[in-house]
Structure formats: structure tokens, C-alpha cells
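In what follows, a structure is listed as C-alpha cells, so that the remarks can point back to it.
Any read-out appearing in this document is the output of simple, stated calculations on the displayed coordinates, not a laboratory observation. None of these values were measured; they are calculated from a predicted model. Quick reminder, even Gly has a Cβ in these numbers, built from the backbone with ideal geometry, and neighbours come from all protein chains shown.
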């Protein structure tokens, strides 16, 4: 099956710093990728849609200036959490659908802890 | 706004028992419904995808049904095994834009 990777798998940073998370589709090209956030014991919430070659679209309530998304190539999307604060601590997961399918493949997630 | 609810939130069964996991959604205008498995601290693994025109899908010991008009889906896992212990998530997509609305999940523990 299709594989989506994320890097890093976990990161700890100080409040006020920026953190970049990468999402890669390893064996298929993805014109669209999705970023989700999951708080402990809660469901996944869609944050934004990453579009190759154009601006990301953000869900209501998600600050686009805080969560910068860049879809630099057909296999890579990055999420940068700028000026991170403890409330940004969460599990961030990306997903991508291979062309011509309805199934989405999810990355293993990145655990962000902001001190 | 689509609301997805999963009941129960947690379930513990002895090995060999059949599992029944429920998912309900408020807006019946869906494109498809998917069931995922999530292990602690890990990403999601797709289990079954049911298109809105379908009533059920089967894969091995897993069977998922969909009643779109009543806004319900059920995941059946036959003859449960300790390796089935995980959180099972239900997600619906309103259109073919791939955006998913997730339930909070049912955490399953299968006791050996």
C-alpha cells in the first residue's frame, strides 16, 4: 500500500520558537495533502488542506499566520508552527490520497511538546 | 456542520468474542465513510471504506455496514484477538474533496 512518512516523530521546543514538520508521500505523487491535529483523548481535527503549487486552505478557527503550510513538491508538504506556545502541544498528523483513489493514507504523526 | 459520534468510548472483551463498534453522523449527505485503526502514539491505518451507494464492506474478520438514511455505521470484528486492541476511528467525507470529519473513537481492549 501507499506510504506517507512524517519527520520528526517527536519534537520538544521552547515557547516562542518555530518548529517545522515534514510530510512526504514516498511512493506516489500527492497534489493535495491534509494536516490534522489531535489532542489527548480527542478526535482528529482537520486544520488545513495543502495544495501543491498554490496556497493552503485553512479550516475555520485555524490561524494561517501561525500554522504556515508549504507544498513545495508533489511529494512534500511542510507545516511550520510559528512562535509556538504550550497550548500548541499536540499530535500532528498528515494524510494524502493517492491519485484516482478515495482512500487516504496517514503519516505516523508528530508529537509536539512546547515547554 | 457534520458531527460524528462513536459509542461506546471504550470496550473491553475477552479474546474470541465478537466486537460491535457504532458510529453515527448527523448529516446523511456523505460521499463515503471510512474506518481506521490507531495504535497508541501512532498514525492511522485504513481498515474499510464504504461509498455512499454501498451498504457494507468486508475484509477478513472485519465487516462494516452503512445505513446512510439513518446516519449510522457499524464495524464488526469477528473472533477478536489481543492484537485487535487499539482505538478505532470512524470518519465521514461530505464530498470527493477528501476532507474527513472524525469521531472521537472507541478504544478496544481484548483480554487474553
## Note on the structure
Nearest-0.05 FRET efficiency for residue A:66 and residue A:41 at R0 = 22 Å, using Cβ-Cβ distance, is 0.40
### Task
Determine the principal axes of the Cα atoms in the protein assembly as shown, then give the extent along each, sorted from largest to smallest and rounded to whole angstroms.
49, 37, 33
### Query
What's the extension gain from residue A:111 to residue A:17 if we count 0.36 nm per residue and subtract their Cα-Cα distance?
32.3 nm
### Antiparallel content of DSSP bridges confined to the protein assembly as shown, in %, to 5
90 percent
### Query
Points 7 angstrom from Cα along the Cβ direction at residue B:26 and residue B:9: gap in nanometres?
1.9 nm
#### Entry: Residues A:10, A:35, sorted so that the one with the fewest Cβ neighbours within 10 Å comes first
A:10, A:35
### Query
Given labels modelled 7 Å from the Cα in the Cβ direction, how far is it in nm from residue A:51 to residue B:63?
4.3 nm
### Query
Which shape class applies to region A:1-74: rounded if a/c is under 1.5, otherwise prolate when a/b exceeds b/c and oblate if not, where a ≥ b ≥ c are the square roots of the Cα gyration tensor eigenvalues?
rounded
### Task
Using only Cα atoms, locate the centre of region B:1-27 and the centre of region A:1-79, then give the distance between them in Å, rounded to an integer.
28 Å
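Once Rh is set to the Kirkwood radius over Cα pairs, what Stokes-Einstein translational diffusion coefficient, in µm²/s, holds for chain B at a temperature of 37 °C and a viscosity of 0.692 mPa s?
On the way: Rh = 13.9 Å.
Answer from the Stokes-Einstein relation: 236 µm²/s.
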### Message
Could you check the spin-label model distance between residue A:3 and residue B:76? Points 7 Å from the Cα along Cα→Cβ, value in nm.
### Response
3.5 nm
